[in-house]
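Readers should treat all values here as calculations from the given coordinates under stated rules, not as data from a laboratory. Computed from a predicted structure; not experimentally measured. Please note: Cβ atoms are built from the backbone with ideal geometry, for glycine as well, and neighbour counts cover all protein chains shown.
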Amino acid sequence: MSDTENRRPETGAFFQRDRDWHPPAFAPGYKTSVLRSPRKALLSLDNTISEITGPVFGHSILGELDNDLIHNFAKPGESAIGERIIVHGRVLDERGRPVAGALLEFWQANAGGRYRHKKESYLAALDPNFGGCGRTITDENGSYVFRTIRPGAYPWPNGVNDWRPAHIHFSVFGHGFAQRLITQMYFEGDPMIWKCPIVGTIADARAIEQLIAPLDWANTIPMDARAYKFDIVLRGRRSTFFENRPEGN
Amino acid sequence: MVQNLGYLKETPSQTAGPYVHIGLTPNFGGISGVYERDLGSSMVNEKTLGERITVTGRVIDGAGAPLRDALIEIWQADAAGLYNSPSEMRGAADPNFTGWGRCPTSAEDGTFVFETVKPGRIPFKDGRLMAPHITFWIVARGINIGLQTRLYFPDEAAANAEDPLLQRIEHRHRAETLVAGGRAPNYHFDIHLQGEKETVFLDI
Ligand SMILES: [Fe+2]
């Protein structure tokens with residue numbers, strides 16, 4: 001919370017979500033969505049205080065290695081196997097303003113495409129030095145960074161031969177609970193992105209492109225790790241024009 | 001041509017997938033030693049003000065089966081009706097109450113459990129009071145964008161009757177999907193994704 005203490009808190013309602021930009025609940029190409037999708041119309045309502053507010057997390061929750069997936073599960077002196085990468089970017093709102101103090105949590109498969117999870121049955125090997133989870137909090141400019149290995153692609157039961165492109169899952173908190181978002185980051189140049197039924201739940205190709213992180217050659221660390229840049233946009237707040245102004249602003 | 005508003009598009013959602021526990025509740029998922037404890041696993045401490053309650057429930061799919069791989073988050077006001085958030089302008093919330101909880105549904109029977117306090121009432125935009133409620137957010141494999149809904153309390157009939165959100169629901173039986181069962185201090189809230197009893201979900 002220390003990063004945001006000196007800022008005037010924002011109290012406006014959030015922009016309405018563009019539901020055509022997001023995937024619909026019912027997307028039969030992704031079979032599990034068939035029985036897990038609400039079919040009735042959503043009840044639309046402007047935000048109340050319950051959505052405008054949200055939990056904020058302080059740096060005190062973070063451990064030293066939380067944003068280093070290469071080492072946060074590894075035995076001392078060892079490291080995870082795979083292509084070393086840096087993932088960094090900014091969390092912005094729809095008005096282009098940085099979202100400071102945003103908690104990001106991420107998880108992924110290892111370099112062979114295997115998750116460390118009891119329900120995972122893919123025959124690829126586990127890496128004893130890779131757990132697959134990390135987290136960080138954005139700084140004053142909305143910037144974040146973490147280090148990991150590039151995850152592998154993996155097959156999954158949907159169609160007979162469906163594979164997930166390499167991806168990293170992201171969970172994002174903004175300042176209001178209405179901004180809560182879970183998404184996935186894909187990697188520039190991966191031809192499997194366009195074959196994936198989960199990616200394909202999103203109708204608009206421009207929206208899909210918003211999930212593809214470009215290789216950031218300028219920030220690549222020579223002889224160490226390549227960088228990918230992934231910016232995340234959360235719902236923006238309306239200005240509180242002519243609305244309640246508790247601080248007289 | 002006109003000026004460009006310059007707004008960005010929100011990052012599109014993608015499903016949390018079957019391995020959401022790795023990222024959000026790793027200790028629950030069997031990955032220990034990375035985080036001391038799972039975030040959101042405790043909302044209260046011994047000094048928290050207000051009436052202690054327990055909310056249990058399940059998320060039920062269109063075939064009537066509970067989801068055993070879902071993750072639920074809740075967000076609520078403290079006993080006085082204040083949120084523990086920098087955007088709360090009406091006063092300081094109880095410092096011993098986070099207001100936010102996270103719970104995976106059980107791999108055995110799909111239940112979730114939150115130990116919390118009963119929230120106070122909060123004003124709607126026009127100053128009318130909303131009935132006490134808890135915001136629910138549900139993600140899982142097969143859910144493409146987090147589902148948001150609210151729990152209201154069965155022992156608040158008068159407040160529920162004047163609640164602006166409940167009043168917006170056209171069909172009475174649909175409004176009842178947002179009212180928990182049970183009674184103080186043990187409430188039960190089943191969320192139905194589809195069918196006759198489909199829960200009212202919010203675009204809010
Ligand atoms: Fe995945």
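Please enumerate the residues belonging to segment A:25-42 that are closer than 28 Å to B:Tyr7 by Cα, surrounded by fewer than 20 Cβ atoms within 10 Å (Cβ to Cβ) and within 7 Å of chain B (Cβ to nearest Cβ).
A:Leu42
Kindly indicate the residue of segment A:169-211 that is in contact (Cβ under 8 Å) with a residue 40 or more places away in the chain, within 14 Å of the ligand (Cβ to nearest atom) and among the aromatic types (Phe, Trp, Tyr) and also farthest from B:Ser87 (Cα to Cα) among those meeting that condition.
Among residues in segment A:169-211 that are in contact (Cβ under 8 Å) with a residue 40 or more places away in the chain, within 14 Å of the ligand (Cβ to nearest atom) and among the aromatic types (Phe, Trp, Tyr), the one farthest from B:Ser87 (Cα to Cα) is A:Phe187.
Can you find, within segment A:170-222, the residue that is farthest from the other protein chains (Cβ to nearest Cβ) among those that are under 30 Å from B:Gln76 (Cα atoms) and among the small types (Gly, Ala, Ser)?
By that ranking, first place goes to A:Gly174.
Considering only residues that are of a type in the set (A, V, I, L, M, F, W, C) and facing another protein chain (nearest Cβ under 7 Å), look in segment A:45-60 and name the one that is surrounded by the most Cβ atoms within 10 Å (Cβ to Cβ).
Per the stated criteria, the residue is A:Ile52.
If A:Glu105 passes every condition in (1) surrounded by 17 or more Cβ atoms within 10 Å (Cβ to Cβ); (2) within 16 Å of the ligand (Cβ to nearest atom); (3) over 30 Å from A:Ala13 (Cβ atoms) but one, which one does it miss?
Tallying (1) surrounded by 17 or more Cβ atoms within 10 Å (Cβ to Cβ); (2) within 16 Å of the ligand (Cβ to nearest atom); (3) over 30 Å from A:Ala13 (Cβ atoms), A:Glu105 fails exactly one: (3).
Pairs under 6 Å by beta carbon, first residue facing chain B (nearest Cβ under 9 Å) and closer than 15 Å to A:Tyr154 by Cα in segment A:101-113, partner among the aliphatic types (A, V, I, L, M) and within 13 Å of the ligand (Cβ to nearest atom), six or more apart or different chains?
Matching pairs, first to second residue: A:Trp107/B:Ile22; A:Gln108/A:Ile168.
In this structure, is B:Gly29 assigned to a loop (DSSP other than H, G, I, E, B) and either polar (S, T, N, Q) or away from the ligand (no atom under 16 Å from the Cβ) (or both)? Give the derivation first.
On the way: assigned to a loop (DSSP other than H, G, I, E, B): yes; either polar (S, T, N, Q) or away from the ligand (no atom under 16 Å from the Cβ) (or both): no.
Considered against the rule, which asks whether it is assigned to a loop (DSSP other than H, G, I, E, B) and either polar (S, T, N, Q) or away from the ligand (no atom under 16 Å from the Cβ) (or both), B:Gly29 comes out as no.
Can you pull out the residues in segment A:61-80 that are touching a strand residue (DSSP E or B) at 6+ places or on another chain (Cβ under 7 Å) and either surrounded by fewer than 17 Cβ atoms within 10 Å (Cβ to Cβ) or at the interface with chain B (Cβ under 7 Å from one of its Cβ atoms) (or both)?
Filtering segment A:61-80 for residues touching a strand residue (DSSP E or B) at 6+ places or on another chain (Cβ under 7 Å) gives A:62, A:66-70, A:72, A:80.
Selection gives A:Leu62, A:Asn72.
So how many residues does segment B:39-55 have that are surrounded by fewer than 18 Cβ atoms within 10 Å (Cβ to Cβ) and either assigned to a strand (DSSP E or B) or in contact with a Leu (Cβ under 9 Å, 6 or more places away or on another chain) (or both)?
2
Give A:Glu10, A:Glu64, A:Glu78 a once-over and let me know the one that is acidic (Asp, Glu) and without any contact (Cβ under 8 Å) to a residue 24 or more places away in the chain.
Numbers: A:Glu10 fails: without any contact (Cβ under 8 Å) to a residue 24 or more places away in the chain; A:Glu78 fails: without any contact (Cβ under 8 Å) to a residue 24 or more places away in the chain.
Result of the check over A:Glu10, A:Glu64, A:Glu78: A:Glu64.
Among residues belonging to segment A:138-161 that are within 23 Å of B:Arg141 (Cβ to Cβ) and in contact with a helix residue (DSSP H, G or I) (Cβ under 8 Å, 6 or more places away or on another chain), point out the one that is farthest from the ligand (Cβ to nearest atom).
Going through the qualifying residues, I end up with A:Asn158.
Yes/no matrix, rows are residues, columns are (1) more than 9 Å from every other protein chain (Cβ to nearest Cβ); (2) within 16 Å of the ligand (Cβ to nearest atom); (3) not basic (Lys, Arg):
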| residue | (1), (2), (3) |
| --- | --- |
| B:Tyr7 | no, no, yes |
| B:Thr11 | no, no, yes |
| B:Ser42 | yes, no, yes |
| B:Asn45 | yes, no, yes |
| B:Ala79 | yes, no, yes |
| B:Arg90 | no, no, no |
| B:Thr111 | yes, no, yes |
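Can you name every residue in segment B:1-30 that is surrounded by fewer than 23 Cβ atoms within 10 Å (Cβ to Cβ) and among the aliphatic types (A, V, I, L, M)?
The answer is B:Met1, B:Val2, B:Leu5, B:Leu8.
Which condition breaks for B:Glu73 when tested against (1) within 16 Å of the ligand (Cβ to nearest atom); (2) under 18 Å from B:Phe136 (Cα atoms)?
With (1) within 16 Å of the ligand (Cβ to nearest atom); (2) under 18 Å from B:Phe136 (Cα atoms) applied to B:Glu73, the lone miss is (1).
Step by step: first the residues of segment A:114-137, then only those that are within 15 Å of the ligand (Cβ to nearest atom) and of a type in the set (Gly, Ala, Ser), then the one that is farthest from the other protein chains (Cβ to nearest Cβ). Which residue is that? If you could, list the steps in order and put the result at the bottom.
The first filter runs over segment A:114-137 and keeps only residues within 15 Å of the ligand (Cβ to nearest atom), leaving A:114-117, A:119-122, A:124, A:130-134.
Subset that is of a type in the set (Gly, Ala, Ser): A:121, A:124, A:131-132, A:134.
On the way: A:Ser121: 11, A:Ala124: 14, A:Gly131: 5, A:Gly132: 5, A:Gly134: 8 Å.
Selected residue: A:Ala124.
Collect the residues in segment B:66-75 that are more than 8 Å from chain A (Cβ to nearest Cβ) and assigned to a loop (DSSP other than H, G, I, E, B), keeping them in residue-number order. Break it down into steps so the answer makes sense when it comes.
Keep residues of segment B:66-75 that are more than 8 Å from chain A (Cβ to nearest Cβ), which gives B:66, B:68, B:70-72, B:74.
Within segment B:66-75, B:Arg68, B:Ala70 qualify.
Checking A:Val91 against (1) more than 10 Å from chain B (Cβ to nearest Cβ); (2) more than 16 Å from the ligand (Cβ to nearest atom); (3) part of a strand (DSSP E or B), which test does it fail?
Failed condition: (1).
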